[in-house]
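Participant: One structure coming up, written as structure tokens, with questions to follow.
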Amino acid sequence: MKTSLRRVFCTFLSVLAGTATSLRSPAEGGGTQLLSITPLDLLVVVLYFVIVLKKSIIQRRLPWLAFNHILKDMTVRYAPNKITGILVFMIPVLLASTALCQKLQLNDLGYFEARGLNVLVFSNQYNGFFFDEKTAGIELIHHGVRTATGGAVRLQPTPEQWDQIPVMTERTVDKKNNSIEVKLRYSDYNFDSRVTVTAKDNGVVIRVSLDKPLPEKLVGNAGFNLEFLPSAYFEKTYLADRQPGIFPLYPSSNVDVRPLTQKVPQFNGYSTFDDRGRNEFLVPEPLAMCKTLVLAPEDPERYVRIQSLTADLMLYDGRILGQNGWFVVRSLIPGNRTGTVAEWYVELNTIPNWTRKPVIGFSQVGYHPSQNKIAVIELDKNDTVLTTATLCQVTPEGKIVEKFAGTTKPWGQFLRYNYVRFNFSTVRDSGLYVIKYGDQQTDAFPISTRVYNDVWHPTLDVWFPVQMDHMLVREAYRIWHGAPFLDDALQAPVNIRHFDGYWMDSTTHTKYKPLEHIPGLDVGGWFDAGDFDIETAHHCTTIMSFVDSWETFNLKRDETYVDQKARFVEIHRPDGKPDLLEQIEHGTLQLVAQFKNVGFAVRGINFPHLYEYHHMGDASTITDNRLYNPKLKPYETDGLTSGTLDDRWVFTPKFPGLNYSAIAALAAASRALKGYNEELSAEALSTAEGAWDNERKEPPPVHDSMMSWILSNAECEAASQLYSTTKNEQYYRRFDELIWPQLDSALVWNIATAAKAVPYMPKEYKSKLEKYVLEYRGEIEKVSQQNPYGVPIGTTGWAGDDELINWSIANYYLNKSFPDVIGREYVYKALDYVFGCHPYSNISFVAGVGTHSKKRTYGNNRADFSFIAGGVVPGVLLLKPDFLENKEDWPFLWGENECVIDICADYIFLVNAVNDLVNRKN
Ligand SMILES: [Ca+2]
Ligand SMILES: [Ca+2]
Ligand SMILES: [Ca+2]
């Protein structure tokens, strides 16, 4: 039956495609028999369409839209001839299938919505700080996955992070006409455009209009772009006006080399391209040009059809210029024209009645028997809530046996999803378990007293050694990187705004001239994050956090070999010295060097060129490791020095509060290093005390209330640490003077500093603090009600695991001193969240930790879609207005996936804090 149906169906398709009135049937193994249409065949075709095809559509196997379009084409081609009769007969069928399609509607949150599809139009804007973060413009959320971004008028075929971005000057949501209009402006070119997005059928019409013609300079450069996530289209195909193509897994399209004079400059005149002095730049050539582009015609979840009613569509691979590029579909805007200058119809398939699979949030690391165990289940708002879930034990025989069945407790709606919670706290038996909800079963996880014993090891054993600056780092057969930045560093020039958020005032504030070498800085320090700068503020908090871990938990783990003199580090090789002290020493060496050679804590040490900054891979290859010598020509060397101006720059603006943070870190480090590196310990303390005296003599000018708050908080911490180290009353007096007004003005932000100081302060300090702790409890109780996870979830451009971990650490300190006021659950919940009990997915946010964890993070190996074990990512990022996201198939979104030193150090502390609490007998 199948063969005959297939034969007839092929005939039918051939008619539709207009290639012939008959076709060679693939079912006949490539034979040449021609099939002719008989009335019986037609009847079978219709029945086939109605029964088989529609069933397939409903079962989500075929994109009905593809057939819809073939049928529409057929109408055009064959309406006048004898097949008209068939078509007339087919119309009711066509209409019936069209009923499956849902029209996009503008919802109250200001985006277009249909089941399985959202179209966001500048719900998120380019924020200008990190420029193009691939989280702005017109964006598509297709069957629960954000697959497209960057829909806007852009000035390059494949815009990079630091290419110019438009400013949205106006956004009008027109509910009546189901339409959103934005005005975009490039002020450098005095160029304004309007982009209107209007719902139509199962998609949108995007129209770009100009009131004034395109500025001459932008003709050939300005176009309407929409960017598609490469990983969403890997191993899928496209049709460009029916020419088939496969989306490249790895970039390999052609590139045009053009003279620099033709380039639309990048931000602030910087360049992502190292042209080796040739005054050139690169432009990718399109993979395809067409009027109609169908993306992933074979995949109902990803099917997108774009039809240009104006200039040709061009499909580009943005990864040619930068590994974080996307697939870009673009139409150029013509010169000398006003009115509508670009118009697309973008149609997307939606699977009828599509419902997102539930996400069962739980800890991939597992649970200590004594702690609360609550899974949070995230549900599509169209999903039916199941009233029960079960916890099953995985037996030594490999069987999955029900251990506990419980009711799910509805929590309600948070952002776009509904939530229920499943509490299985009563299960305390040690073993391996899975959670079952509906037809889903989670990864297996342990319940055991040992779950927190070793989950911090990868962070200290692997992640931190890889971040160590000025050292070669080996791990077994692999060299992570050679010893980098032996040419550190030059005094940064004055009056600059830097691409990484750094800046310089009109003076250097040092004894050095711009671009003069500052000696002694090629020591210690960590790469800040996925980038390779030394960010001093993060160094201070990292050292501080390490000292807290050292003093609170006495972590003597030794699995790393560190030789400062030889600049050599080896992972998984004990050397008889606690790794934590080796890390504290490494951070302290850099901080002390800054005070010794510059006179104060510098803002940071960063790259002069953008094309050095975006480096991925071995840090030792970013600069030539030779001191800059202005007497030589670029790329010339005398064997010792070099004429290439690639040495990092030391940024030395006056940064209120930073010196105090450094003083706190140095005072703390001096305690930890005592008995380990006496000389450095003494130097750290004398540096801290000297710097304190200087700061107190000449307090920096305070410009606004924010700065005054930061300054005061840092001074508090410095006074507290100096007092703890020296017991000198002057520090206590200053701390006492500052801490209470700080708590009065910003309780939540200062409570950790206050709580940490309790053990060092007189008894009356603790009683005075109690009223603030009671007030703080009210605050955290409020936070706990805000979402089903009961923890603060950040909503800024950088996801919130950092704040979350710090929140829990503050709660730990408070629990230690005020156990009756702040319960232990306020410490545990954050770790459950980080380990997988969070929105979007249930992956552990610590790479390599837990059964199923982050395998793609924004580290220096991100180009390999890989991770550095123990790195903690920022987590779920809020895309306004209601979409939390943490992509696992795309490492390049730093706000979701970049591991940073202070978060990772704090994570080590928090794991040990939780381990301390769960194992306490009382
Ligand atoms: Ca940085
Ligand atoms: Ca060691
Ligand atoms: Ca150099």
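The values are calculated or read from the model by the stated rules, or taken from the named source; none is laboratory data. Everything quoted here is computed from the prediction, not taken from an experiment. Every residue, glycine among them, receives a Cβ derived from its backbone with ideal geometry; neighbour counts consider all protein chains shown. When the accessible area is computed, the model is the full protein with side chains, heavy atoms only, and any ligands, DNA or RNA have been set aside. Shrake-Rupley method; radii C 1.70, N 1.55, O 1.52, S 1.80 Å.
Participant: What list of whole percents do you get for P(r) of the chain, with Cα-Cα distances grouped in 10 Å bins up to the one holding the largest distance?
Facilitator: 2, 11, 18, 21, 20, 15, 8, 4, 2, 0, 0
Participant: If you average the sequence gap of Cα pairs under 8 Å that are 6 or more apart and divide by the length of the chain, what percent do you get for the contact order? Mind showing how you got there, number by number?
Facilitator: Details: 1995 pairs, mean separation 85.6, N = 922.
That works out to 9 percent.
Participant: So, in Å, what gap is there between the alpha-carbon centers of the stretch 182-237 and the stretch 564-621?
Facilitator: 44
Participant: Pick out, in residue order, every one of the chymotrypsin sites (Phe, Trp or Tyr not before Pro) in the stretch 597-689 that is DSSP loop and has at most 15 other C-beta atoms within 10 Å; say none if there are none.
Facilitator: Details: sites: 600, 611, 613, 628, 635, 649, 651, 660, 676; in loops: 600, 635, 676.
Passing sites in the stretch 597-689 are 635, 676.
Participant: Charges at C-beta only: +1 for Lys and Arg, -1 for Asp and Glu. How large is the resulting dipole of the chain about its Cα centre, in Debye rounded to 20?
Facilitator: Values: 93 positive and 107 negative charges, 717 e Å.
Result for the chain is approximately 3440 debye, rounded to the nearest 20.
Participant: To continue, here is another question. Under a straight-distance cross-link criterion of Cα-Cα below 18 Å, which lysines are reachable from residue 511, leaving out those fewer than 8 residues away in the same chain?
Facilitator: Candidates past the 8-residue exclusion: 596, 654.
Participant: Next question, about the same structure. Might you tell me the accessible area per residue for the stretch 273-361, computed with a 1.4 Å probe and given in Å²? Numbers along the way, then the final one.
Facilitator: Details: 3080 Å² over 89 residues.
With all protein chains present, the stretch 273-361 gives 35 Å² per residue.
Participant: Under 5 Å between amide hydrogens, which residues at least 5 positions from residue 475 or on another chain qualify, with H placed 1.01 Å from N in the peptide plane?
Facilitator: 480, 571
Participant: I want the antiparallel fraction of DSSP beta bridges within the chain, as a percent rounded to 5.
Facilitator: Values: 135 of 146 bridges.
About 90 percent, rounded to the nearest 5.
Participant: Still on this structure, I have one more. So how far, in whole Å, is the C-alpha centre of the stretch 288-350 from the one of the stretch 370-400?
Facilitator: 42
Participant: With a 1.4 Å probe and all protein chains left in place, how much of the accessible area of the chain comes from carbon and sulfur atoms, in whole percent?
Facilitator: That share works out to 53 percent.
Participant: Related question: Looking at the square roots a ≥ b ≥ c of the eigenvalues of the Cα gyration tensor of the stretch 486-639, which shape do they give, rounded for a/c under 1.5, prolate if a/b is larger than b/c, or oblate? Please list the in-between numbers first.
Facilitator: Details: a/c = 2.08, a/b = 1.57, b/c = 1.33.
Prolate shape, in that a/c is at least 1.5 and a/b is the bigger ratio.
Participant: Test of understanding: what is the full-extension gain from residue 563 to residue 686, defined as 0.36 nm times their sequence separation minus their Cα-Cα distance?
Facilitator: 41.8 nm
Participant: Another one. Can you order the peptides 908-920, 278-290 by their average number of other Cβ atoms within 10 Å per residue, highest first?
Facilitator: Numbers: 908-920: 21.3, 278-290: 17.1.
The peptides rank, most packed first, as 908-920, 278-290.
Participant: Full-extension gain between residue 429 and residue 785, please, as 0.36 nm times their residue separation minus the C-alpha to C-alpha distance. Each step should come with its number before you reach the end.
Facilitator: Values: separation 356, 0.36 × 356 = 128.16 nm, distance 2.99 nm.
Extra length available between residue 429 and residue 785 comes to 125.2 nm.
Participant: Give me the log10 of I(q) over I(0) for the stretch 869-916 at q = 0.16, 0.18, 0.25, 0.26 Å⁻¹, as the Debye formula computes it from C-alpha points; what are the numbers?
Facilitator: -0.54, -0.64, -0.90, -0.93
Participant: Right, another one. For residue 211 and residue 103, what is the calculated FRET efficiency with R₀ set at 35 Å and r taken between the beta-carbons, to the nearest 0.05? If you can, show how the numbers build up before the last one.
Facilitator: On the way: r = 30 Å, r/R0 = 0.86.
Taking R0 as 35 Å, the efficiency between residue 211 and residue 103 is 0.70.
Participant: Counting only heavy atoms of the protein chains, get the accessible area per residue of the stretch 365-483 (1.4 Å probe) and round it to a whole Å² value.
Facilitator: Details: 5250 Å² over 119 residues.
Counting only protein heavy atoms, the per-residue value for the stretch 365-483 is 44 Å².
Participant: Which of the lysines could a cross-linker span from residue 291 if the Cα-Cα distance has to be under 18 Å and same-chain partners fewer than 8 positions apart are dropped?
Facilitator: 72
Participant: Also, quick follow-up: Got a sec? Which residues in the stretch 331-345 would a label at residue 201 touch, if it sits 7 Å along Cα→Cβ and we count backbone N under 17 Å?
Facilitator: Zone members listed by number: 343-345.
Participant: If amide H atoms are built 1.01 Å from N in the plane of the peptide, which residues on other chains or at least 5 residues away come under 5 Å of the amide H of residue 403?
Facilitator: Answer set, sorted by chain and number: 391, 392, 393.
Participant: Can you spot the lysines whose alpha carbon is less than 21 Å from residue 816's alpha carbon? Ignore those fewer than 8 places along the same chain.
Facilitator: 756, 763, 766, 768, 771, 829, 921
Participant: Long-range amide H contacts for residue 648: which residues qualify at under 5 Å (H placed 1.01 Å from N, peptide plane, sequence gap of 5 or more or a different chain)?
Facilitator: Counting only residues 5 or more places away or on other chains, the set is 490.
Participant: Explain nothing, just the number: dipole magnitude of the stretch 653-763 about its Cα centre with +1 on each Lys and Arg Cβ and -1 on each Asp and Glu Cβ, in debye rounded to the nearest 20. Walk me through the numbers before you get to the answer.
Facilitator: Values: 10 positive and 14 negative charges, 55 e Å.
Around 260 debye, computed over the stretch 653-763.
Participant: Calculate, in nm to one decimal, what residue 177 and residue 477 gain on full extension: separation in residues at 0.36 nm each, minus their alpha carbon distance.
Facilitator: Here the answer is 101.7 nm.
Participant: Between 420, 444, 495, whose Cα lies farthest towards the positive end of the dipole of the stretch 355-502 when Lys and Arg beta carbons carry +1 and Asp and Glu beta carbons carry -1, centred on the Cα centre?
Facilitator: My answer, from the dipole projection, is 420.
Participant: Over the stretch 414-481, what is the mean sequence separation of C-alpha contacts under 8 Å (at least six apart), divided by residue count, expressed as relative contact order in percent?
Facilitator: Numbers: 39 pairs, mean separation 11.6, N = 68.
About 17 percent, as a whole number.
Participant: By average Cβ neighbour count within 10 Å, what is the ranking of 729-738, 857-866 from highest down?
Facilitator: On the way: 729-738: 17.2, 857-866: 20.0.
In descending order of packing, they fall as 857-866, 729-738.
Participant: What shape does the stretch 837-904 have by the C-alpha gyration tensor, where a ≥ b ≥ c are the square roots of the eigenvalues, rounded means a/c under 1.5, and otherwise prolate means a/b greater than b/c and oblate the rest?
Facilitator: Values: a/c = 1.61, a/b = 1.35, b/c = 1.19.
Cα axes put the stretch 837-904 in the prolate bin.
Participant: Obtain the nm distance between the two label points defined at residue 916 and residue 746 by a simple spin-label model: each point lies 7 Å from its Cα along the Cα-to-C-beta direction.
Facilitator: According to this spin-label approximation, the distance is 2.5 nm.
Participant: Sort 138-149, 476-487 for me by packing, meaning the mean count of neighbouring Cβ atoms within 10 Å per residue, highest on top. Can you show the working numbers first?
Facilitator: On the way: 138-149: 22.4, 476-487: 16.5.
Descending packing order for the listed peptides: 138-149, 476-487.
Participant: Rounded to the nearest whole Å², what accessible area per residue is found for the stretch 101-163 with the 1.4 Å probe? Before the final figure, lay out each step's value.
Facilitator: On the way: 1470 Å² over 63 residues.
Solvent-accessible surface per residue comes out at 23 Å².
Participant: As I understand it, the dipole of the chain uses +1 on the Cβ of Lys and Arg and -1 on the Cβ of Asp and Glu, about the Cα centre. Which of 315, 124, 811 lies farthest toward its positive end?
Facilitator: 315
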